[in-house]
Structures are given as structure tokens and as C-alpha cells.
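Read-outs throughout are calculated quantities, based only on the coordinates presented, and are distinct from any laboratory measurement. It should be emphasised that the depicted structure is a prediction, and the values quoted were computed from it without experimental measurement. Positions of Cβ are backbone-derived with ideal geometry, glycine not excepted, and every protein chain shown enters the neighbour counts.
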Amino acid sequence: MSTEYFQNVLLIGATGDLGKYILNALLDLSTTHASQPINISLLTRSSSSSSSKFPSHPSIKNVFRGDISSHDFLEEAFKDQDIIISAISPYALLLQKNMLRVAAKVGVKKFILGEFGMDTKDVPLTNAVRVFQQNRAVLEHAEEICKAADMTFAGVICGTFLEMCLLDGEIGFEFESRTANLYDGGKKKFEASKMEDVGKATAELIFQPTNWVNELVYISTFTTSQKEILDALDKVDSKGPWKVIERETKWLKERGDKRVAEGDLYGLVDEIWAVAFSEGKGEAFSQNRNLANEKLAIPKNGWNNFEEVIRGVVGEWESGRRK
């Protein structure tokens with residue numbers, strides 16, 4: 001392995017759902033890459049109530065708390081950093097435009113965008129989903145900034161977060177009533193990743209500075225469908241088969257539009273899946289993109305492993321998570 005790597009790392013959003021996994025993966029590097037120590041800085045909003053819960057670890061050198069939209073605050077935090085990893089909230093994606101400008105100004109070498117979802121390079125998909133147009137705007141801004149600066153960018157495309165989105169009901173499964181809402185038959189394939197795998201892959205980018213220069217990184221733990229998830233649930237859930245409701249993606253899109261009109265931003269999630277579950281847009285990107293799983297030591301798992309992950313999700317629900 002090359003001795004060249006990014007030593008000074010700043011993570012934005014370490015208290016978020018994904019940020020916690022990225023932070024854990026970064027801390028694990030003190031064991032897996034013991035000969036290549038890193039200095040971790042964390043950036044969080046001053047209003048964050050969970051920022052006081054950061055673990056005590058010798059690799060964590062600084063915690064910056066402040067206004068993440070402030071140019072001066074960002075400049076102070078970004079100074080002397082080699083790489084910035086953005087796990088920013090999906091509701092604050094556009095703040096990354098200013099972050100990119102500041103990072104380039106102070107000499108950051110690489111910026112990992114807050115992608116972590118479906119393929120932003122899939123034009124029909126991003127045209128059809130409003131929130132993805134923000135991802136595309138940030139990506140285009142990164143391309144523009146990095147052309148004129150001595151900085152590169154990357155972004156991790158991982159599909160949906162399997163465990164979290166399954167438990168939260170985003171992909172049609174209601175654990176409280178044990179009901180599966182299958183859209184357009186539930187056979188449409190999509191990419192899904194374990195959050196632990198996403199965290200590990202992101203951390204591993206620190207040690208591959210010459211790979212994925214100004215491009216997206218594609219990983220996926222599973223290529224699956226609603227029907228395959230239901231089959232696994234029926235097999236591992238000791239309470240027996242789930243109730244199934246067949247719905248059309250048109251219904252999901254209409255529900256999403258109604259929610260957004262009423263001020264409920266969760267309707268944007270309905271919009272995402274109304275597209276992802278329908279044919280013709282948002283196809284599983286493993287069909288036409290080169291996956292980086294092997295280079296980043298992320299397994300592409302088979303059916304037996306998939307069942308174990310689903311069994312773990314059922315166990316999390318039964319133990320009280322997100323009820």
C-alpha cells in the first residue's frame with residue numbers, strides 16, 4: 001500500500017444517522033491502519049444537542065461547533081485539513097456550495113460530497129426527483145470549483161440505507177402492522193447498502209488519494225427488490241407471513257405531492273420511491289456502473305447474508321428501535 005494518504009480529516013455531520021457510522025469507521029482505522037495515523041476533526045452545528053456525546057479517542061483532535069453557513073467559521077475549521085467528508089443533512093445539501101469554495105480557498109486537498117444515495121449522474125432520475133436536483137447542483141458546483149483549484153472531489157453512491165430505510169418504513173414496510181406495501185408488483189431492482197459498509201468505504205477513501213479523482217464512487221451491499229425483502233421477512237420473522245397490499249407508484253407519487261403541499265417534507269421521500277419503484281427510471285446502478293466494492297474491501301453479499309441482515313432488522317424492531 002502506498003504511504004501517501006490524507007492524514008488530517010474533518011468530518012461534517014458526525015452525529016447524524018450516517019455520520020455515526022463514518023466516525024466509527026474512522027476511529028477503527030487506528031487499528032486497521034495502525035502505521036498510518038490520522039488526525040480527526042469534527043464539525044457540528046452549535047445548536048446540536050448530541051455533539052457533547054462524541055467518544056473520547058486519541059485520534060479526535062478538534063471539535064468545531066458553530067454556524068455551518070458562516071464563511072469565517074468554516075475557514076477556521078477547514079484550515080490545515082487534507083480531506084473533508086460531508087455527511088451533512090439531506091435538508092442542507094446546498095450549504096456544501098459555500099463549503100466547497102472555502103475548502104478550495106484554504107487548500108483542502110479533497111472534498112467528499114454528501115451524496116450517499118441514488119445515482120446523481122442518472123439524468124432521468126434526477127430530473128424526476130426534486131431533492132436529487134440539489135445533489136446535481138452541488139455536484140456541478142464541485143466540478144466547476146475543482147477545475148480552477150488544486151482540490152479534487154468524490155462522492156459515494158450507495159443506494160438506500162437498507163436497515164434504516166426498512167425500519168423507518170421508507171421502502172414500503174410497516175413493522176407496527178407487519179404490512180408490506182408492494183409498488184407495481186414489488187419486482188423493481190434497486191441498490192441497498194448496509195450503513196456500516198458505507199462508513200467503511202468512505203473512510204477507506206483516505207488511503208486511496210489517486211483513485212476517484214473528481215468522480216463518483218459506486219458501492220452496493222445488495223441489489224434487491226421489495227419482493228425479495230418480503231420473502232426474507234416471511235422467512236426470518238417468527239410471527240409468520242406479512243400482510244401484503246398491492247399499490248401503484250402513481251398512488252405513492254400523489255401521496256407525496258399532497259404531503260409536500262401540506263408542508264410535510266417527508267413527501268419528498270414518497271417522490272423518490274415513486275420513481276425508484278417504477279420502470280424506466282432509477283434503474284439499479286450495478287447494471288451500468290463499475291462497483292468499487294472490491295477496491296474498498298466491501299463485500300457484495302449473497303442471499304444467505306441478506307437473510308441475516310433482514311433478521312437483524314427484525315431483531316432491532318423487536319428490541320424497541322424506532323418504534
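List of remarks:
- Diffusion constant of the range 65-123 at 37 °C, which comes from Stokes-Einstein with the Kirkwood Cα-pair radius and 0.692 mPa s, µm²/s: 271
- Its alpha carbons considered, the range 90-242 gives a radius of gyration followed by a Dmax of 18.1, 59 Å.
- Low-density loop positions, GluC sites (Glu not before Pro), the range 163-255 - DSSP coil, at most 15 other Cβ in 10 Å: Glu176, Glu248
- Counting charges near Met99 (Lys, Arg +1; Asp, Glu -1) among other residues having Cβ under 11 Å from its Cβ returns a value of +2.
- This structure gives percent of Cα pairs over 31 Å apart, computed directly, and of [x] 29; [y] 39; [z] 32 that value is listed as [z].
- For Ser46, Ser89, Ser238, the sequence from fewest to most other C-beta atoms within 10 Å is Ser238, Ser46, Ser89.
- Qualifying chymotrypsin sites (Phe, Trp or Tyr not before Pro) in the range 238-269, DSSP loop, other Cβ atoms within 10 Å at most 14: Tyr266
- Proximal lysines relative to Lys295, as straight alpha-carbon distance under 18 Å, when same-chain residues fewer than 8 apart are discounted: Lys194, Lys200
- Debye, to nearest 20: dipole size of the chain, +1 on Lys, Arg Cβ, -1 on Asp, Glu Cβ: 220
- Order of Phe116, Phe64, Phe175 - criterion: other Cβ atoms within 10 Å of each residue's Cβ, fewest first: Phe64, Phe175, Phe116
- Spin-label pair Asn24/Val123, simplified geometry with 7 Å Cα→Cβ offset, distance in nm: 4.0
- In a DSSP loop and with at most 13 other Cβ atoms within 10 Å, the trypsin sites (Lys or Arg not before Pro) in the range 136-217 are Lys187.
- Structure-based [θ]222 nm, the chain - -39500 (n - 2.57) summed over DSSP H runs of at least 4, per residue, nearest 500: -11500 deg cm²/dmol
- Summed side-chain charge close to Lys109 - residues other than Lys109 whose Cβ falls under 12 Å, Lys, Arg +1, Asp, Glu -1: -3
- Annotation: amide H-H contacts under 5 Å for Glu215 (H modelled 1.01 Å from N, sequence separation of 5 or more, or interchain): Phe153, Gly155.
- Across the range 167-172, coupling constants 3J(HN,Hα) worked out from phi with the 6.51/-1.76/1.60 Karplus curve, θ = phi - 60°, read 5, 7, x, 5, 9, x Hz, and Gly and Pro carry x.
- Within the chain, the selection of entire DSSP H helices by a Cα span of 24 Å or greater along the long axis and an average Kyte-Doolittle value of at least 1.6 returns an empty list.
- For the range 70-113 and the range 32-48, distance of Cα centres in Å: 14
- Partner aspartates and glutamates for Lys121 [C-alpha distance under 19 Å; skip if fewer than 8 residues away on the same chain]: Glu140, Glu143, Glu144, Glu191, Glu215, Glu271, Glu279, Glu283
- Whole-angstrom gap from the range 235-285 to the range 129-190, using each part's C-alpha centre: 13
- Once C-alpha pairs closer than 8 Å and six or more residues apart are averaged by separation and normalised to the residue number of the chain, the relative contact order reads 17 percent.
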